1. What tally of residues in region 322-336 results from selecting those that are over 33 Å from the mean Cα position of the chain (by Cα) and under 28 Å from residue 305 (Cα atoms)?
2. Of everything in region 324-349, what is under 18 Å from residue 286 (Cα atoms) and in a loop (DSSP other than H, G, I, E, B)? Give them in sequence order.
3. Test residue 349 against the criterion of being in contact (Cβ under 8 Å) with a residue 60 or more places away in the chain, under 30 Å from the mean Cα position of the chain (by Cα) and open to solvent by 20 Å² or more (accessible area, probe 1.4 Å), and give yes or no.
4. Can you name the residue in region 329-346 that is among the β-branched types (Val, Ile, Thr) and open to solvent by 30 Å² or more (accessible area, probe 1.4 Å) and, of all such residues, is nearest to residue 244 (Cα to Cα)?
5. Counting just the residues of region 92-141 that are in contact with a helix residue (DSSP H, G or I) (Cβ under 8 Å, 6 or more places away or on another chain), open to solvent by less than 60 Å² (accessible area, probe 1.4 Å) and modelled with pLDDT under 75, which one comes out farthest from residue 61 (Cα to Cα)?
6. For region 277-294, name all the residues that are under 12 Å from residue 323 (Cα atoms) and open to solvent by less than 30 Å² (accessible area, probe 1.4 Å).
7. Please go through region 296-310 and pick out each residue that is within 16 Å of residue 259 (Cα to Cα) and either open to solvent by less than 50 Å² (accessible area, probe 1.4 Å) or assigned to a strand (DSSP E or B) (or both).
8. Considering each of 319, 313 in turn, give the residue that is more than 22 Å from residue 225 (Cβ to Cβ), open to solvent by less than 40 Å² (accessible area, probe 1.4 Å) and in a helix (DSSP H, G or I).
Amino acid sequence: MSLDTSTLYLVATMIAAMLGGMLLIFGKQENIPALEWWGAAYLLGAASVGIWTIAGESLGVPLSLALNSVGFIACGMVWNASRLFHGRKPNLPGMVLGAIAWIPVALAFPPGALAIRITIGAGIVAFYAALTAGELWTERRKPLQKRWAAVLVPVLHGFVLMLPIILGHLMRPYNAKLSGNIWVTGFAIELVLYAVGTVFIIFMLVSERAVTLHKTAASMDPLTRLLNRRGFVEATSRVIEREARAGRPVAVLIFDIDHFKSINDRFGHPAGDEVLILFATVVVSTLRISDLSGRIGGEEFAALLPCSLEEAVIAAERVRSAFAASGIVIESGPVDTTVSIGVAGGPAGTELEVLLASADTALYQAKRSGRNRVEAAEELPLSLENWRRKTAGNSALAKPVSAKPASATT
C-alpha cells in the first residue's frame, strides 16, 4: 500500500491547525501570551503549507511568493513567542522582516531560478530558527531543566515548516518518480508526528515555568519582593556551603526598623508598607549583587554577606546611613526612618543558625543602646550545640565592635 505524500502533508497541516487552535484557546484561558503567539503561528504556518499543497503552481508567481511570505511570518511569530515566554517584548519589525525581504529578493531572479529561491527561503527560516534557539538557550543560566530539548524545538519547527514548501518545488517536475520515494513518505509521516510532539515540548516548557514560578512565589515576600524566611534560609545555606568549600568567612546582618509599630499606629498600615518597601530598596541598592537579603518577619530583615565581620560592619553602616537619609513624606508630614542592625560573622563553615542567633543578640544590644546604630557580636564556634553551651545563662551576649551614632559615616 502506497501513501500519497500530498495527502499526508494535508493531514499534518490539519493536525497542526488543530493543535494551534488548542494552544491559542489555552493561552487565552490561562493568560499566557506566548502560547497565543505559538498557536497563531501554528495556524498561519498550517494555512500556508496547506494552501500551497492544494493549489501549488496554479496560484501563479506573485501569490506563491506571498504565500511563502506568510510562512516566514509564522517563523517570526515563533521567535516572538519565545521572547514573550521569557518576559521580553515582541519584536514586530523583526517578525515581518523576512517576509518583506523575501518578495523583492525572489523577484530579482528569473522564474527559472528555482534553486536560488529555495536557498534564500531556507536561509530566512534558518535565521528565525537561530534567533528562537538563541532565546531559549539564554535560559540555560536559569534553573530550568531539559533545556537542550527546548533549544531543538525552534530549529526543528522552522525546518519542518519550510521543508514541505521546498519539497513541493522539487517534487512537482518529477512527481511520478518521487511519489514512491520512501524518504519523502517517511518525512511526511514524521511531519504528522512532529506536529503533535512539538506541542508536548511546548507544554513541557510551560509546565516547568509554572513550577518554577510557584517555587519562587513560595520563597518570595510579596510586598518587598525580597526572599521570605524560607527562601532566605534555603539560599543562604547554599552560599555558606559554597564559601565553606573555598575556606572563606561569612557574615549575617539582621535589621529591625525602629519604632515600626508606632509608624503603623500614627500613619496607618499603608505608610508602614511604604517604609518596608523603601527599606528593601535601600538594602538591595546598597549591598552587593553577591549578597543575599530577605524579609524574615514583620519589620525584621536579614542579609548574608560572603565577607569578614569587619567588612560586614562597614556594609551595615552604609545601609543604616542610607535608610536614615531616605525618609518618607506623607500628607501629615515626614516619617522617621531609622534601623538598628546586628552583625555576626564567623569562619568558613559556621552554621546559619549560629550566625542568626548571634546577630539577633547584637541587634537587641543596638536597640538597648539607643537604636539607629550598628552592633557586632564576637565570632562564634562552628557548632550550634557548642554555641548554646557557651551562651547558656549569658544575657549579655553581644560584644560591641562598632557602635556608631546616627551621624557617623564610613
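The values are calculated or read from the model by the stated rules, or taken from the named source; none is laboratory data. If you're wondering where the values come from, they're calculated on a predicted model, not measured in any experiment. FYI the Cβ positions are ideal-geometry reconstructions off the backbone, even for glycines, and counts take in every protein chain you see. Keep in mind that these areas ignore ligands, DNA and RNA; they rest on the heavy atoms of the full protein, side chains included. Shrake-Rupley method; radii C 1.70, N 1.55, O 1.52, S 1.80 Å.
1. 3
2. 325, 326, 327, 337, 338
3. Numbers: in contact (Cβ under 8 Å) with a residue 60 or more places away in the chain: yes; under 30 Å from the mean Cα position of the chain (by Cα): no; open to solvent by 20 Å² or more (accessible area, probe 1.4 Å): yes.
Taking the combined requirement at face value, the residue does not satisfy it.
4. 338
5. Ranking the candidates gives 139 first.
6. Across region 277-294, the qualifying residues are 279, 280, 282, 283.
7. Those that are within 16 Å of residue 259 (Cα to Cα) and either open to solvent by less than 50 Å² (accessible area, probe 1.4 Å) or assigned to a strand (DSSP E or B) (or both): 297, 298, 300, 301.
8. Numbers: 319 fails: more than 22 Å from residue 225 (Cβ to Cβ).
The match here is 313.
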